[in-house]
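These notes concern the structure reproduced below.
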Amino acid sequence: MMRSFVTAAFAAALIPVTAGVSAAQDAAELAVARGVLLQLQARSFAENLEYCGYIGRLPDGRLTATEVSRGDTWGCLSRGDESRFVEIVASFHTHAGFDRAADSEVPSTDDLRGDVAERVNGYVATPGGRLWYIDYRRAVATQVCGLGCMGQDPDFIPGDAGPIAQSYTLQQLQVREGH
């Protein structure tokens, strides 16, 4: 169980907001996601495992995260207790450690489809240290911040994944994955 969370106000002060971030995105939601993912990145790299969970709204209106679930190298299914939430607003997960065989610097089509199907926004942290925001309403993934903003796997090779766009639609991710 995760015991400490960065407060929304403190984390919000650390977040460089980019022009590409959707207006639908809530600053408090981003602060919670970034705070949790910053705590998970080093462990995710060291163990080469994905970690995941959900962000939900408590009855008093505050946002917080579920307990973090441990996945495997290729995925993660949250097992956190969501019963205390009046609403689930977002998912979050890491993309494990750097692997030349994985296109892990962008969200996968499964990441985007999953958030759209669940009708929640999503946040994905990559081995290169990027943070992505998945806007389920628009079915678009947009970089919140680029290389190194979320820590970086020591084994990461910049440029290995080829060019990375600022945002992707589902169709663009399908093309990137070779579907």
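Anything in the stretch 83-95 that is more than 15 Å from Asn121 (Cβ to Cβ) and more than 12 Å from the chain's Cα centre (by Cα)? List them, or say none.
Narrowing the stretch 83-95 to residues more than 15 Å from Asn121 (Cβ to Cβ): 83-84, 86, 94-95.
Correct list: Ser83, Arg84, Val86.
Within the stretch 43-74, how many residues turn out to be part of a loop (DSSP other than H, G, I, E, B) and either of a type outside the set (Gly, Ala, Ser) or on the phi > 0 side of the Ramachandran plot (or both)?
First, pick out the residues of the stretch 43-74 that are part of a loop (DSSP other than H, G, I, E, B): 48-50, 58-62, 66-68, 71-74.
If we keep only those that are either of a type outside the set (Gly, Ala, Ser) or on the phi > 0 side of the Ramachandran plot (or both) too, we end up with 48-50, 58-62, 66-68, 72-74.
Number satisfying all stated conditions: 14.
Can you find even one residue in the stretch 96-115 that is farther than 23 Å from Thr169 by Cβ and outside any loop (DSSP other than H, G, I, E, B)?
Taking the stretch 96-115 and keeping what is farther than 23 Å from Thr169 by Cβ, we get 96-101.
Subset that is outside any loop (DSSP other than H, G, I, E, B): none.
Checking the stretch 96-115: not a single residue is farther than 23 Å from Thr169 by Cβ and outside any loop (DSSP other than H, G, I, E, B).
So, Ser44, is that one of a type in the set (Ser, Thr, Tyr) and modelled with pLDDT under 50 or not? Spell out how you get there, then give the answer.
Numbers: of a type in the set (Ser, Thr, Tyr): yes; modelled with pLDDT under 50: no.
In short, no.
Can you find a residue in the stretch 81-92 that is out of contact with any Cys (no Cβ under 8 Å at 6 or more places or on another chain), crowded, with 22+ Cβ neighbours inside 10 Å and either touching a residue at least 12 places away in the same chain (Cβ under 8 Å) or under 30 Å from Leu58 (Cβ atoms) (or both)?
Looking through the stretch 81-92, at least one residue is out of contact with any Cys (no Cβ under 8 Å at 6 or more places or on another chain), crowded, with 22+ Cβ neighbours inside 10 Å and either touching a residue at least 12 places away in the same chain (Cβ under 8 Å) or under 30 Å from Leu58 (Cβ atoms) (or both).
Residue under question is Cys145, and the condition is that it be over 14 Å from Gly53 (Cα atoms), in contact with a strand residue (DSSP E or B) (Cβ under 6 Å, 6 or more places away or on another chain) and not small (Gly, Ala, Ser); does it hold?
Numbers: over 14 Å from Gly53 (Cα atoms): yes; in contact with a strand residue (DSSP E or B) (Cβ under 6 Å, 6 or more places away or on another chain): yes; not small (Gly, Ala, Ser): yes.
Answer is yes for this residue.
Can you tell me which of (1) surrounded by fewer than 20 Cβ atoms within 10 Å (Cβ to Cβ); (2) out of contact with any Leu (no Cβ under 7 Å at 6 or more places or on another chain); (3) free of Cβ contacts under 8 Å to residues at least 40 places away in the same chain is the one Glu177 doesn't meet?
(3)
Exactly one of these conditions fails for Ser69: (1) touching a strand residue (DSSP E or B) at 6+ places or on another chain (Cβ under 8 Å); (2) surrounded by 18 or more Cβ atoms within 10 Å (Cβ to Cβ). Give me its number.
(2)
Take the stretch 127-148 and flag every residue that is in contact with a Phe, Trp or Tyr (Cβ under 7 Å, 6 or more places away or on another chain) and outside any strand (DSSP E or B).
Scanning the stretch 127-148 gives Pro127, Gly128.
Looking at Glu118, Glu177 in this structure, which one is of a type outside the set (Phe, Trp, Tyr), more than 11 Å from the chain's Cα centre (by Cα) and closer than 30 Å to Glu87 by Cα?
Values: Glu177 fails: closer than 30 Å to Glu87 by Cα.
Among Glu118, Glu177, only Glu118 is of a type outside the set (Phe, Trp, Tyr), more than 11 Å from the chain's Cα centre (by Cα) and closer than 30 Å to Glu87 by Cα.
Looking only at the stretch 117-131, count every residue that is more than 12 Å from Ala90 (Cβ to Cβ) and surrounded by 18 or more Cβ atoms within 10 Å (Cβ to Cβ) and tell me the total.
Keep residues of the stretch 117-131 that are more than 12 Å from Ala90 (Cβ to Cβ), which gives 117, 125-131.
Right, trim to surrounded by 18 or more Cβ atoms within 10 Å (Cβ to Cβ) and you get 125-131.
Total meeting the criteria: 7.
In this structure, is Arg100 modelled with pLDDT under 95 and not hydroxyl-bearing (Ser, Thr, Tyr)?
Values: modelled with pLDDT under 95: yes; not hydroxyl-bearing (Ser, Thr, Tyr): yes.
Against the criterion (modelled with pLDDT under 95 and not hydroxyl-bearing (Ser, Thr, Tyr)), Arg100 qualifies.
The values are calculated or read from the model by the stated rules, or taken from the named source; none is laboratory data. As the structure is a computational prediction, the values presented were derived from the model and not from experiment. Neighbour counts are summed over all protein chains in view; Cβ atoms, including those assigned to glycine, are modelled from backbone coordinates with ideal geometry.
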